[in-house]
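Encoded as structure tokens, the structure appears first; notes follow it.
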Amino acid sequence: MPLKILLLLLTIASVASAAFPQKAQPSSYCELFKAPISKDGRVVTTEAYMTYSTVGRVDGGDSFLYGPNCNNEDYFAIAHFAKKLPKSTHKFFSGLPNEKQYVLKLVVTGRLRTSFLPLFGHLGWSRSQFDIDTIESISNVTTDSQVVRPDLVAEAPLTEAARLLRDLNSDIVLNLLSGTVTQQTKNSLHTSFSLTDPNGKDFSADQLTSVSLKNLFPDNIDGFDRRAIRQPTVEIVGEEYVATGLFWVENALGSKKTLEYRNVYCRDEDSFLLMKTSLRSISNNAFER
């Protein structure tokens with residue numbers, strides 16, 4: 001097919017997509033979370049409850065959606081108003097008295113976004129966010145004794161596992177790349193563990209004490225005494241949990257030298273074991289982006 005015709009067809013498809021937005025699919029709230037964690041971007045219409053607070057505070061207090069039949073933190077979704085509210089809806093919210101906590105019942109149209117690690121909300125406490133395009137209906141059911149309240153203390157195995165992996169990953173990376181191999185770090189390594197440095201050299205668990213932080217960076221890091229990591233992204237591949245993130249050293253002037261790490265974990269009963277670490281040098285410009 002000639003290139004001009006192909007480009008014309010792609011342009012027509014793009015215009016048609018913009019002119020005829022994706023039709024929302026009805027779904028129960030709990031069913032939304034059964035989709036793959038790699039989120040398919042479906043536009044859905046669903047009924048849910050939403051917490052809402054008019055109590056003045058410095059931070060926190062995120063409104064979130066929940067369902068009575070999947071009522072734990074694994075299924076809480078930060079309510080994000082992706083579009084400007086119409087006057088009628090704005091009037092509803094502005095009419096709620098101050099200094100009170102509310103439960104609202106609503107039907108919304110939008111998209112659910114999920115992540116293995118908690119990324120959404122103030123300080124990243126939630127694994128999910130619902131981007132609300134339209135509020136189809138809304139009512140205040142706070143005084144209805146039959147309405148199920150959000151269960152803030154119920155077991156949430158997915159969220160608990162994600163936080164465990166996040167904290168474990170932070171400790172392991174900071175220890176390994178700072179030349180400190182504690183017994184706790186050793187206990188978190190799989191028997192087949194190996195580390196590959198940016199030069200392609202492999203180290204077993206028994207050889208980690210010979211890994212020098214200075215040798216991991218292509219440039220001199222004298223004076224770069226501060227060490228930090230950025231929370232990784234986690235992808236579930238089969239039975240493996242692949243955490244990819246950044247580790248950097250920084251000097252007093254704020255200059256950084258950065259490594260990208262890729263850690264592959266497996267589940268071990270109630271915890272995780274690190275099987276493989278791969279390191280790659282990246283430019284400071286790439287890090288800043």
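Report, in deg cm²/dmol and to the nearest 500, the calculated mean residue ellipticity at 222 nm for the chain, where each DSSP H run with n ≥ 4 adds -39500 (n - 2.57) and the sum is divided by the residue count.
Values: 7 runs with 64 residues, N = 289.
Counting only the DSSP helices, I get -6500 deg cm²/dmol.
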Please list, in order along region 205-222, the HN-Hα scalar couplings obtained from phi with the Karplus expression 6.51 cos²θ - 1.76 cosθ + 1.60 (θ = phi - 60°), rounded to whole Hz, x for Gly and Pro. 4, 6, 9, 5, 5, 8, 7, 9, 4, 5, 7, 7, 9, x, 10, 5, 10, 4
Counting Lys and Arg as +1 and Asp and Glu as -1, what is the net charge of the other residues whose Cβ lies under 12 Å from the Cβ of ARG163? -2
Per-peptide average of other Cβ atoms within 10 Å, ordering 48-54, 231-237, 142-148, 74-80 highest first: 74-80, 48-54, 231-237, 142-148
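Please give me the summed charge of the neighbours of PHE217: other residues whose Cβ is under 13 Å from its Cβ, Lys and Arg +1, Asp and Glu -1.
Working: positive: LYS214, ARG227, LYS256, LYS257, ARG280; negative: ASP197, ASP219, ASP222, GLU250, GLU260.
Spelling it out: positives minus negatives among the neighbours equals 0.
How big is the charge dipole of the chain about its Cα centre, in debye rounded to the nearest 20, if each Lys and Arg gets +1 on its Cβ and each Asp and Glu gets -1 on its Cβ? List each step's numbers first, then the result.
Numbers: 31 positive and 32 negative charges, 230 e Å.
Rounded to the nearest 20 debye, it is 1100 debye.
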Could you name the aspartates and glutamates whose alpha carbon sits less than 19 Å from that of LYS201, not counting residues in the same chain fewer than 8 places away? ASP219, GLU260
Nearest-0.05 FRET efficiency for ASN98 and ARG267 at R0 = 51 Å, using Cβ-Cβ distance, is 0.65
If you average the C-alpha positions of region 140-176 and of region 245-283 separately, how far apart do those two centres end up, in angstrom? 24 Å
Dividing the mean separation of Cα pairs under 8 Å (6+ apart) by the residue count of region 23-155 yields a relative contact order in percent of 30 percent
Length-normalised contact order of region 159-288 in % [C-alpha pairs under 8 Å, at least 6 apart]: 24 percent
Could you state the number of Å between the C-alpha centres of region 66-114 and region 190-235? 44 Å
Through the Karplus equation 6.51 cos²θ - 1.76 cosθ + 1.60, θ set to phi - 60°, convert the phi angles of region 154-164 into ³J(HN,Hα) values in whole Hz; use x for Gly and Pro. 5, 4, 10, x, 5, 5, 5, 5, 5, 5, 4
Crossing angle, helix 3-19 versus the chain [Cα axis fit, 0-90 degrees, rounded to tens]: 50 degrees
State, to one decimal in nm, how far the label point of ASP206 lies from the label point of VAL242, with both points 7 Å from Cα in the Cβ direction. 3.0 nm
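Relative to the present Cα-Cα distance, how much length would full extension add between VAL148 and GLU47 at 0.36 nm per residue of separation?
The span from VAL148 to GLU47 would gain 35.0 nm if fully extended.
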Relative contact order (percent, whole number), the chain, Cα cutoff 8 Å, 6+ residue spacing: 13 percent
Hey, what do the phi angles of region 228-233 turn into as Karplus ³J(HN,Hα) couplings, whole Hz, using 6.51/-1.76/1.60 and θ = phi - 60°, x for Gly and Pro? 7, 10, 9, 3, x, 8
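Can you tell me the order of 116-128, 261-273 when each peptide is scored by its average per-residue count of other Cβ atoms within 10 angstrom, highest first? Before the final figure, lay out each step's value.
Values: 116-128: 18.5, 261-273: 15.8.
Top of the packing list down: 116-128, 261-273.
Readers should treat all values here as calculations from the given coordinates under stated rules, not as data from a laboratory. Remember, it's a predicted structure, so these values are computed and weren't measured experimentally. Backbone-built Cβ (ideal geometry, glycine too); neighbour counts: all protein chains shown.
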